[in-house]
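Since the structure comes first, as structure tokens, the remarks are kept for the end.
Values in this text are rule-based calculations from the coordinates and carry no lab data. All values reported here derive from a predicted model rather than from experimental measurement. Ideal geometry is used to build each Cβ from the backbone, glycine not excepted, and the neighbour counts take in all protein chains shown.
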Amino acid sequence: MIVPMVHILAFSGAMFLMGLACVLARRNLIMILIGVEIMLNAVGLTLAGASALWQQVDGQIFVIFLMAMTSAEVSISLAMVVYLRRQKGTVEADAFDGMKG
Amino acid sequence: MATILFYILATTALAATGLCITRRNPVHAVIYLVNAFFALALLFYLLGAPLVAAWEVIIYAGAIMVLFLFIIMMLELAPAEERGGPGWQRWGPVVLLSAVLLGCTLLLLTLDPQGGDGVPAYYASPRTFGYALFKEYALAVEIVSFQLLFAAVGAFYVGKSDWGKPRKGEKR
């Protein structure tokens with residue numbers, strides 16, 4: 001290990017919190033999706049760090065599955081952004097309150 | 001040396017992420033996020049995952065971020081550019097971050113990343129990686145391929161332009 005695992009965890013935790021803040025605070029659908037991307041990348045770095053800590057390749061393989069999952073998620077959610085924009089003419093999350101949540 | 005590079009890159013990634021989530025213009029946010037992903041790719045490389053680092057650049061910075069940019073431009077979400085082009089306050093931080101990343105990449109090219117401080121770092125060769133991926137995790141690979149197929153079908157279905165008729169009272 002080039003650095004202690006605690007530092008990797010602290011770094012990815014900070015990055016995860018930034019993504020979470022972006023998801024919770026921003027009202028633009030594109031920025032919410034970007035926050036999700038940041039969180040998924042922070043998790044990926046944790047997995048790679050764990051892989052280096054225990055000298056096993058499994059963590060890196062999970063990062064690859066995470067990437068495949070992310071690309072599927074992004075394709076679906078961006079298609080939904082296009083669809084919602086076509087429905088209401090905006091991408092602000094506050095406009096989509098049809099379910100009175 | 002690798003340890004120092006790790007901290008420099010971690011700071012760069014955090015700064016790029018922080019700048020990314022505070023931008024008003026989504027295009028600027030995406031550009032900063034690409035910087036953060038390049039820093040993360042170098043971090044993956046330092047942690048002994050060269051294949052993951054390559055895929056981080058190819059898939060995240062290459063494909064997903066371009067998809068984001070494409071959607072932002074297609075829906076015209078970015079505000080109009082000010083006259084005379086962006087000032088140095090706009091492009092200064094991104095040039096600084098990119099210069100740091102380029103410097104770190106050149107440093108990595110010139111030194112041996114596995115011999116950091118005499119401690120042998122873990123290194124997964126693509127051969128080891130491929131054996132584990134397609135032997136132990138073969139079923140998961142199949143499931144992920146199905147998932148990607150479903151995502152493609154779903155994106156096509158949602159994105160079809162004549163998706164149902166506009167219901168009454170609804171703005172198209």
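Return the average number of partner chain Cβ atoms within 10 angstrom of each residue Cβ along peptide A:8-21. Mind showing how you got there, number by number?
Working: counts 4, 0, 1, 8, 4, 0, 5, 7, 0, 0, 8, 3, 1, 3.
The mean count of partner-chain Cβ atoms within 10 Å per residue comes to 3.
Find which of B:94, B:105, B:73 sits farthest along the positive direction of the dipole of the protein assembly as shown, computed with +1 on the beta-carbon of Lys and Arg, -1 on that of Asp and Glu, about the Cα centre.
B:73
Please report the net charge: other residues with Cβ closer than 13 Å to the Cβ of residue A:32, K and R +1, D and E -1. Display every interim value, and only then the final one.
Details: positive: A:26, A:27; negative: A:37, A:73, A:92, A:94.
Value of the local net charge: -2.
Net charge near residue B:64, counting Lys/Arg +1 and Asp/Glu -1 over other residues with Cβ under 12 Å of its Cβ?
Numbers: positive: none; negative: A:37, A:73, B:56.
Counting the neighbours of residue B:64, the net charge comes to -3.
Please list, in chain and number order, the residues 5+ apart from residue B:23 or on another chain whose amide H is under 5 Å from its amide H, with Hs placed from the backbone.
none
Along the positive direction of the dipole of segment A:5-89 (beta-carbon charges: Lys, Arg +1; Asp, Glu -1; about the Cα centre), which of A:21, A:45, A:87 reaches farthest?
Selected residue: A:87.
Please compute the alpha carbon radius of gyration of the protein assembly as shown, then divide it by the globular-protein estimate 2.2 N^0.38 Å. Two decimals is fine. Could you put the intermediate results ahead of the total?
Details: Rg = 20.1 Å, N = 273, 2.2 N^0.38 = 18.5 Å.
So the Cα radius of gyration is 1.09 times the expected 2.2 N^0.38 Å.
If you filter segment B:1-97 for GluC sites (Glu not before Pro), then keep DSSP loop positions with at most 14 other Cβ within 10 Å, what is left? Don't jump to the answer; show the numbers that get you there.
On the way: sites: B:56, B:76, B:81, B:82; in loops: B:76, B:81, B:82.
Answer by residue number: B:76, B:81, B:82.
Please give the net charge around residue A:43, taking every other residue with its beta carbon less than 14 angstrom from that of residue A:43, where Lys and Arg add +1 and Asp and Glu add -1. Walk me through the intermediate numbers first.
Numbers: positive: none; negative: A:37, A:73, B:56.
Neighbourhood net charge equals -3.
By how many degrees, between 0 and 90 and to the nearest 10, does the Cα long axis of helix A:29-54 differ from the longest principal axis of chain A?
10 degrees
What does the charge dipole of the protein assembly as shown about its Cα centre add up to, to the nearest 20 debye, if the Cβ of each Lys and Arg holds +1 and the Cβ of each Asp and Glu holds -1? Could the numbers behind the result be given before it?
Numbers: 18 positive and 16 negative charges, 238 e Å.
Computed charge dipole of the protein assembly as shown: roughly 1140 debye.
From the backbone phi of segment A:60-71, what are the Karplus-calculated ³J(HN,Hα) couplings (6.51 cos²θ - 1.76 cosθ + 1.60, θ = phi - 60°) in whole Hz, Gly and Pro given as x?
So the Karplus estimates, Gly and Pro as x, are 5, 5, 5, 5, 5, 5, 4, 5, 4, 4, 5, 5 Hz.
I'd like the mean, over residues of B:32-42, of how many other protein chain beta carbons sit within 10 Å of each residue's own Cβ. Intermediate values should be presented prior to the final figure.
On the way: counts 1, 4, 0, 0, 5, 3, 0, 0, 8, 1, 0.
The mean count of partner-chain Cβ atoms within 10 Å per residue comes to 2.
Taking R0 as 45 Å, what's the FRET efficiency between residue A:95 and residue B:145 from their Cβ-Cβ distance, rounded to 0.05? Before the final figure, lay out the partial values.
Working: r = 36 Å, r/R0 = 0.80.
The calculated FRET efficiency here is 0.80.
Taking every residue in A:43-50, how many Cβ atoms of other protein chains lie within 10 Å of its Cβ, on average?
Values: counts 0, 6, 9, 0, 4, 13, 5, 1.
Mean inter-chain Cβ contacts per residue within 10 Å come to 5.
Taking the Cβ-Cβ separation of residue B:24 and residue B:127 as r and a Förster radius of 41 Å, what is the calculated FRET efficiency to the nearest 0.05?
On the way: r = 47 Å, r/R0 = 1.14.
After rounding to 0.05, the efficiency reads 0.30.
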